[in-house]
Amino acid sequence: MTQHEPAVDDAVTLDLVPLGAMVIDADLRVIQWNRTLADWTGVSRQQASGAPLRELYASLADGPYERRLREMFDTGLPVYFSETLHRHFLPIPPQGGLPIERMIQRTRARLLPGKRGRALITIQDVSIQYHHLGELKAERQELLEAQRRMRATNRSLEVANSQLIEAQQTLKVSQEYTDSILRSMADMLIVLSPEGFIERANEATTTCLGYAPWELQSRPAQMLFADPPDALIPEVTCDGLTTLTNLLRQLERDGRVQDFEAQCRTKDGQLVSVSLSGGRLSSSRGEPLGYVCVMQDTTERRRIQTELARSQRLKSVGQLAAGIAHEINTPLQCISSSVEYLEMVFPSLMEVINEYAALAERNPNGGACPLKLANATTARREAPAALADATTAVHRVCEIIQAMRATTYPGGECRVETDINQLVRDAVVISRGRWKDAGTVTLHLDPQLPKPRTMPAEISQVLINLLINAGDALHECYPRDGQLGSIEVRTCTQEELVVVEVSDNGPGIPEATRERIFEPFFTTKPIGKGTGQGLAFSYQAITQLGGGLTLQNPAQGGARFVVTLPREAAAEPTRVAAGAQVATPLS
Amino acid sequence: MQLIDEKLDAMTEVVNIGIGRAAASLSDLVGERIELHVPRVRLLDIYNSDCLSETGLSVVQGFNGAVAGNAMLVFPSQSGRVLASLLAGGVAPEDLQPYEVSGILSEVGNIVLNGVLGSIANVMQANLSYEVPVFHLDQAVCDALGKVGDGQLLVADAALAVQSRRIDGKVLLAFDVGSVEAVLESLML
């Protein structure tokens, strides 16, 4: 080895290091002070050299610095002053223009190898790194805060969401409730758009008019209606445009309609009378949403009204008949008396005539007798029979008029003691025209029958109805092989009840219709013959009197209606009804 | 075997002396009482030990001279962060950043390991030179410690008590070939 590289001066080496660096001795005096430190601290190398550290920086005398540096010299062990626990070793303004209070330094001290009494202290300025890290930390904090806010927002969104779901659930329940109401409605309900298109129709509508729900959705509502036929061309059936236009105009003008009479058309073209009520729908801000209409099928109601009108007409006819019966009665009584008188005196007159005739025969040319008896021969022979016929007929008319008067007597609400047997006899007379061609009536009347307090007109009507029904039943199968059918009327007492049984031997009432025969307007008779009101009226009248009306089908066939009336407060019979007979066949 | 146990007893005492000094330094540093205690020093065969595979926060300081090797102070990650937060003045552990944990535990390691190594050097009357402490974040012990020449480790379980909190760590001493014997021999002189 001829030539050595010149040893690099330690001081030069330290100046090249980008750290603050100094060498101190065991007395903690500065031996070397590098350029970086001089630049940082403003203390020149000359000023620092040989100076004790505590004189340069009095702060080092306090705290652990001096003690630990001295221990380092004692033990040779390195010392580390962390930036976190110490922040700074020397008060050096930080790099990067940061304020002095932001200075942060990491300091290490260790003995220089081979130089027992010397130690190197390096100071690393980490202020700017920590400043940057601090910013990152603040940003992280902000991020965490944002995250926390997001979580809170999330939670409130979740709450809002669950509230929304709950509200939807409530809405669904409410919707189902509304749907169920609309479904259960017996009347038709339609919701129309402001332009007159069908937005909704309930089940009653689709069922009644024969459409599937989807067939009505968003279709023009005129398809549901039928305009009145054109007067000029009645066979052309118009669609319901005019009806709909009138309806919408009225709804628009008045906001609502009540009892708007219209005709609906079913899918297969049938017409249904409806009474329509409805109103205008609008939002809370008053914007028009359309119209809601409820339609009631009035076909049945109209039929009932027709029946009622007819029944009222019948009632008027009844009143008229009562008036006529009353008016006729007086002259009839006169005729009856006169005929009876004539009948009484007629045999005497006949005797005179006959004697006169015998006299004339004995003296054919007698001038005292100018009569031409030849002409009177026929009269003498037929007059008695004619008088007898007249008497019978007058009696018959009297009976009819009496019965009519009894039946049509306006009894009102007043209950009176009633001779049921007499009412039976009157009813038989009045109804005779309805059964005489098909059968006979046999009466089995209890002469001891009590007189319950009833409304005779009602009972009378009931008995007539039962006899007419029995007669109609007999007409279905009699006369048969020259035989007539039979109607039996029986009155009797059963415990506390007065019983009237009307039986016939007609075809009887089929099982299927038995339950319905007391319903109003239920009839099995041909159209125009029965109104379906007779039995319904009878049932109602008897039950109102506290009695009962039942149907029995006797074993021998036919039908038997049993009227029961309470005999409560019934007076004992005061007299045997005139003409009451047991088992008196009538024809 | 009895001989080894006696030597380990002596070693426990030596380590406790150094640890005691370290505790005083730490207390000075943070301005409150810190207790440090090593109940027992053990000799571990690294081939039969799970100790090296554990991860944690560790500080390693090398030494050279009559004996050579690496000294390590290691804490389980959570305990190390709690200790750092207590020494930093009660900052919540989750608010401490890794560079702050690194700085604090490096200094704690430096003080504790200085105490232990200084005590050993003192007993051996050996002239040792030391490296500056190096911090390892959540690394396996074997990676942080470097090679273990002898295949044997001196392990001291260290218990720190700060503000009535007990924090468990370990001081590991890994020696180069022949150094363990040299150390233990010197204790018996």
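The values are calculated or read from the model by the stated rules, or taken from the named source; none is laboratory data. A quick note: this is a predicted structure, and the numbers were derived from the prediction, not measured. So basically every Cβ, Gly included, is an ideal-geometry build from the backbone, and we count neighbours across all protein chains shown.
Quick look at the numbers
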quantity	calculated
Sole residue being in contact with a strand residue (DSSP E or B) (Cβ under 7 Å, 6 or more places away or on another chain) and closer than 27 Å to B:L105 by Cβ, chosen from A:L112, A:L182	A:L112
Counted residues, segment A:267-281 - those being free of Cβ contacts under 8 Å to residues at least 60 places away in the same chain and either in contact with a Ser or Thr (Cβ under 7 Å, 6 or more places away or on another chain) or of a type in the set (G, A, S) (or both)	6
Residue tally, condition aliphatic (A, V, I, L, M), under 23 Å from A:R116 (Cα atoms) and in contact (Cβ under 8 Å) with a residue 24 or more places away in the chain, over segment A:20-59	10
Within segment B:61-73, tally of residues that are farther than 13 Å from B:V116 by Cβ and under 14 Å from the mean Cα position of the chain (by Cα)	1
Spans of helices (runs of 4 or more DSSP H) in segment A:9-58 with at least 2 residues under 60 Å from the mean Cα position of the chain (by Cα) and surrounded by fewer than 19 Cβ atoms within 10 Å (Cβ to Cβ)	none
Segment A:108-118: number of residues that are touching a residue at least 24 places away in the same chain (Cβ under 8 Å), within 12 Å of chain B (Cβ to nearest Cβ) and of a type outside the set (D, E, K, R)	3
Near pairs, Cβ below 9 angstrom, 6+ apart or cross-chain, from segment A:131-145 (closer than 20 Å to A:G97 by Cα) to any residue that is among the basic types (K, R) and at pLDDT below 90	A:H131/A:R102; A:G134/A:R102
Number of the exception - A:Y57 against (1) out of contact with any helix residue (DSSP H, G or I) (no Cβ under 7 Å at 6 or more places or on another chain); (2) of a type in the set (F, W, Y); (3) within 14 Å of chain B (Cβ to nearest Cβ)	(3)
Pair list, Cβ < 8 Å and 6+ apart or interchain, from segment B:77-96 residues that are among the hydroxyl-bearing types (S, T, Y) and at pLDDT 85 or above to residues that are in a helix (DSSP H, G or I) and buried (at least 19 other Cβ atoms within 10 Å of the Cβ)	none
Residue in segment A:231-242 that is polar (S, T, N, Q), modelled with pLDDT under 90 and either in a helix (DSSP H, G or I) or buried (at least 17 other Cβ atoms within 10 Å of the Cβ) (or both) present	yes
Unmet requirement for A:L85, which otherwise passes all of (1) closer than 30 Å to B:L87 by Cβ; (2) of a type outside the set (D, E); (3) assigned to a loop (DSSP other than H, G, I, E, B)	(3)
Residue count, segment A:394-414 (criterion: out of contact with any His (no Cβ under 7 Å at 6 or more places or on another chain) and either modelled with pLDDT of 80 or more or assigned to a helix (DSSP H, G or I) (or both))	14
Residue among A:G96, A:G63 that is within 14 Å of chain B (Cβ to nearest Cβ), at positive phi and among the small types (G, A, S)	A:G63
Matching residues in segment B:96-149 - criterion: being of a type in the set (D, E) and away from chain A (no Cβ under 12 Å)	B:D138, B:D143
Evaluation of A:T391 against (1) at pLDDT 85 or above; (2) hydroxyl-bearing (S, T, Y); (3) loosely packed, with under 14 Cβ neighbours inside 10 Å (one fails), failing number	(3)
Test: A:Q250 is in a helix (DSSP H, G or I), modelled with pLDDT of 90 or more and either in contact with a Phe, Trp or Tyr (Cβ under 9 Å, 6 or more places away or on another chain) or not aromatic (F, W, Y) (or both)	yes
Any hit, segment B:3-25, residues being acidic (D, E), surrounded by fewer than 19 Cβ atoms within 10 Å (Cβ to Cβ) and within 12 Å of another protein chain (Cβ to nearest Cβ)	no
Residue check, B:A158 buried (at least 16 other Cβ atoms within 10 Å of the Cβ) and outside any strand (DSSP E or B)	no
Single match in B:G118, B:G109, B:G62 (criterion: of a type in the set (G, A, S), touching a helix residue (DSSP H, G or I) at 6+ places or on another chain (Cβ under 6 Å) and either crowded, with 24+ Cβ neighbours inside 10 Å or not in a loop (DSSP other than H, G, I, E, B) (or both))	B:G118
Residue match in segment B:26-44 (condition: within 14 Å of chain A (Cβ to nearest Cβ), under 15 Å from the mean Cα position of the chain (by Cα), surrounded by 15 or more Cβ atoms within 10 Å (Cβ to Cβ) and not basic (K, R))	yes
Residue match in segment B:82-95 (condition: within 21 Å of B:V141 (Cα to Cα), assigned to a helix (DSSP H, G or I), within 13 Å of chain A (Cβ to nearest Cβ) and touching a strand residue (DSSP E or B) at 6+ places or on another chain (Cβ under 9 Å))	yes
Complete set of residues in segment A:66-87 that are buried (at least 22 other Cβ atoms within 10 Å of the Cβ) and either more than 21 Å from A:D25 (Cα to Cα) or more than 10 Å from every other protein chain (Cβ to nearest Cβ) (or both)	A:S82, A:E83, A:T84
